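Laboratory data are not the source of any read-out in this text; all were calculated from the coordinates shown. Since we're looking at a predicted model, the values are computed, not measured. Here Cβ is always computed from backbone atoms with ideal geometry, including for glycine, and neighbour counts include all displayed protein chains.
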């Protein structure tokens with residue numbers, strides 16, 4: 001039972017830090033988006049697309065979570081956006097303390113929109129609040145249409161569900177209806193998006209959704 | 001520090017059970033293969049292919065690890081092979097106790113080859129010995145050629161590395177050389193296989209490798 005007590009204690013500590021992060025984000029009117037999905041589902045490419053939509057309109061930064069390497073942060077640098085790489089070593093998810101540290105390196109006074117790319121993992125990240133405003137879960141059509149039912153905790157807490165790589169649909173066996181129906185059974189309020197980060201198809205609808213959230217949080221404040 | 005002590009204690013308990021599983025497998029001359037990879041990398045389809053190669057030659061069973069559903073075990077049933085489904089709830093990997101329990105349900109006296117399909121996760125399963133003889137790590141070409149460097153613990157302990165879905169290579173940006181070179185930098189002894197579970201290309205070479213291991217472990221015992 002001691003393991004369970006420890007786990008609860010760790011989760012409690014994370015929730016407390018996440019709550020502090022959320023307070024800071026509210027005070028600074030920053031919208032934070034927690035982006036999750038399997039390795040290779042296309043999270044980084046999606047972010048490259050999304051930050052291109054925000055450029056010149058919002059002040060954007062990205063926190064990149066990976067076990068090793070700073071490749072994803074370098075990709076964000078090349079996309080012209082401020083990025084902080086968090087490497088977790090063997091850690092299978094980000095926790096709120098990592099976001100807290102990264103935020104202090106990112107000058108929150110000069111920020112409207114913060115994307116947090118979690119470690120590629122369809123299981124563990126879902127259990128850890130990072131103080132985000134909402135969650136995007138990314139699944140690619142090459143992963144199979146049975147993933148929502150097999151990994152329900154991730155889908156149960158998704159706000160926006162991105163079905164990515166739809167340009168590959170002619171080459172794989174993937175029933176879009178089956179996938180989306182099952183995801184909605186697990187989380188009836190989830191917003192569905194069908195996207196190809198390769199061709200750009202469908203990205204504008206998702207970007208518009210994010211932009212509405214940013215505008216909403218900034219309220220009457222001036223846009224940049 | 002208490003969390004670290006607990007983690008070490010849990011890992012120690014797993015290693016002890018894994019050692020017992022390994023002893024049983026040696027005594028019964030059963031070859032066990034731990035199959036790991038991201039959700040949707042093609043582990044179950046690979047196993048459907050591999051068990052087809054073994055049919056009539058070896059007595060085969062499969063342990064299927066998933067958070068929820070018994071879909072994968074049902075697929076194995078349809079492939080005509082004995083299967084035990086282990087559901088982990090929120091658990092992000094199999095541990096040795098689960099294999100121990102499943103083995104007792106599988107009549108180890110009537111078994112030559114045991115495939116263990118781990119939970120779809122490129123991070124956590126690598127840390128847990130299940131008593132297996134060797135490990136197969138499955139990566140699909142749609143996941144991107146940068147995965148070995150970004151998820152090194154999994155690749156550092158891989159014996160056979162399967163690059164799957166090579167039929168999709170014309171439709172994705174994936175540098176096979178880059179991927180394999182990086183994997184070999186992390187684990188120089190890894191055996192590489194390029195496979196399409198969809199078309200069957202390359203599966204025979206992998207099946208031959210598994211067959212050699214089974215024959216080796218059975219030693220002078222009669223084949224069936």
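With an 8 Å Cα cut-off and a minimum separation of 6 or more residues, compute the relative contact order for chain A in percent. Could the numbers behind the result be given before it?
On the way: 413 pairs, mean separation 56.0, N = 224.
After rounding, I find 25 percent.
P(r) tail for the stretch A:1-74, what percent of Cα pairs lie past 18 Å? Each step should come with its number before you reach the end.
Working: 1612 of 2701 pairs.
Result for the distance tail: 60 percent.
Cut-off 10 angstrom, C-alpha nodes, Gaussian network model of chain B. Which of B:165, B:28, B:90 fluctuates the most?
Greatest mean-square fluctuation among the candidates belongs to B:90.
What is the stretch A:61-117's relative contact order, in percent, from Cα pairs under 8 angstrom and six or more apart in sequence? Don't skip to the end; give the middle numbers.
On the way: 77 pairs, mean separation 26.1, N = 57.
Taking the mean separation of contacting Cα pairs over the length of the stretch A:61-117, I get 46 percent.
Using a Gaussian network model of chain B whose springs link C-alpha atoms within less than 10 Å, name the residue from B:36, B:76, B:11 with the highest mean-square fluctuation.
B:11
Across 10 Å bins from 0, what is the distribution of all Cα-Cα pair distances for the protein assembly as shown, in whole percents?
Per 10 Å bin, starting at zero, the Cα-Cα P(r) for the protein assembly as shown comes out as 4, 21, 31, 25, 13, 5, 1, 0, 0 percent.
With no solvent and one point per C-alpha, what does the Debye sum give as log10 I(q)/I(0) for the stretch A:86-184 at q = 0.11, 0.20 Å⁻¹?
With one equal scatterer per Cα and no solvent, log10 I(q)/I(0) is -0.41, -1.03.
What's the exposure ranking of B:82, B:26, going from fewest to most Cβ atoms within 10 Å?
Details: B:82 19, B:26 12.
Ascending Cβ contact count within 10 Å gives the list B:26, B:82.
Mind checking the alpha-carbon convex hull of chain A and giving the volume per residue in Å³?
Working: hull volume 27.8 nm³, N = 224.
Given the Cα convex hull of chain A, per-residue volume reads 124 Å³.
What does the average come to when, for each residue of peptide B:162-175, you count the partner chain Cβ atoms lying within 10 Å of its Cβ?
Working: counts 0, 0, 1, 4, 0, 2, 5, 0, 1, 8, 7, 2, 1, 0.
Averaged over the peptide's residues, the number is 2.
Assuming 0.36 nm per residue, please report the length gained on full extension of the stretch residue B:110 to residue B:204 beyond their Cα-Cα distance.
Full extension from residue B:110 to residue B:204 adds 31.4 nm.
If each residue's Cβ is checked for other Cβ atoms within 10 Å, how do B:10, B:161 rank with the fewest at the top?
Numbers: B:10 14, B:161 25.
Taking fewest neighbouring Cβ atoms as first place, the list is B:10, B:161.
To the nearest whole number, what is the average tally of beta carbon atoms from other chains within 10 Å of the beta carbons of peptide A:124-136?
Mean shielding by partner chains, rounded to a whole number: 1.
Mind sorting B:99, A:33 by how few other Cβ atoms lie within 10 Å of their own Cβ, fewest first? Spell out each step's value before the answer.
Details: B:99 29, A:33 23.
Going from least to most buried by this count: A:33, B:99.
Compute the convex hull volume of the Cα atoms of the stretch A:16-130, divide it by the residue count, and report the result per residue in Å³ as a whole number. Mind showing how you got there, number by number?
On the way: hull volume 10.1 nm³, N = 115.
Per residue, the Cα convex hull of the stretch A:16-130 comes to 88 Å³.
What average number of partner chain Cβ atoms lie no more than 10 Å from the Cβ of the residues making up B:76-82?
On the way: counts 0, 0, 0, 0, 0, 0, 0.
Average per residue, whole number: 0.
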